[in-house]
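Quick notes on the structure that follows.
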Amino acid sequence: MLKATETTGFRLGIISNGEYNQQLEKLELIKIHNFFDCIITSSEIGVAKPNTTIFQEACSQAKVQAHKSYYIGDRLETDAIGSKKAGMVGIWLNRKNNTTNTDVIVIHSLDELTGVFDISLLK
């Protein structure tokens, strides 16, 4: 199976409030585990999202700068705002079209990510 860097030019990782082995089993079950360079979980780090420490530790382990990293999640406070506070580009996957004022990038479908990356900080 190809790595994400070979197909998209991006490295992919996961930050989860779940337990590491459970997350790995899910990824293996749907046969996408090879796309991810790292899996960071609250059970390993000792803090959960939205604590900025988990996002910063993920960047450290992945050897990437936070300000050049995107975090996409479906929970506004936990994912998008938490990652933004840690210095990342926070993106809220708002599939339910909830209305709220926020200073993070909002998308309604993963198909919209190409437009987000076109205006990225990675240029």
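For the pair T100 and N34, the difference between a 0.36 nm per residue extended length and the Cα-Cα distance amounts to 20.2 nm.
This ranking places S16, S109 by how few other beta-carbon atoms lie within 10 Å of each, fewest first, which gives S109, S16. Taking label points 7 Å from Cα along the Cα-to-Cβ direction, H108 and L12 give a separation of 2.4 nm. The loop-placed trypsin sites (Lys or Arg not before Pro) in the range 48-79, going by DSSP, that have at most 15 neighbouring Cβ atoms within 10 Å of their Cβ come out as K63, R75.
Checking (i) 13, 43, 38, 6, 0; (ii) 13, 45, 30, 11, 1; (iii) 14, 39, 29, 14, 4, 1 against P(r) over Cα pairs in 10 Å bins from 0, in percent calculated from these atoms, the matching label is (i).
Once C-alpha pairs closer than 8 Å and six or more residues apart are averaged by separation and normalised to the residue number of the chain, the relative contact order reads 16 percent. Dividing the summed -39500 (n - 2.57) terms of all DSSP H runs of n ≥ 4 by the residue count of the chain sets its mean residue ellipticity at 222 nm at -7500 deg cm²/dmol.
Neighbour counts of C-beta atoms inside 10 Å place I91, I107, I30, I39 in the sequence I30, I107, I39, I91, starting with the fewest.
The numbers here are math on the coordinates, done by the rules we state, and not lab data. Keep in mind that what you see is a predicted model, and the values were worked out from it rather than measured. Positions of Cβ are generated from backbone atoms using ideal geometry, with glycine treated the same way; all protein chains shown enter the neighbour counts.
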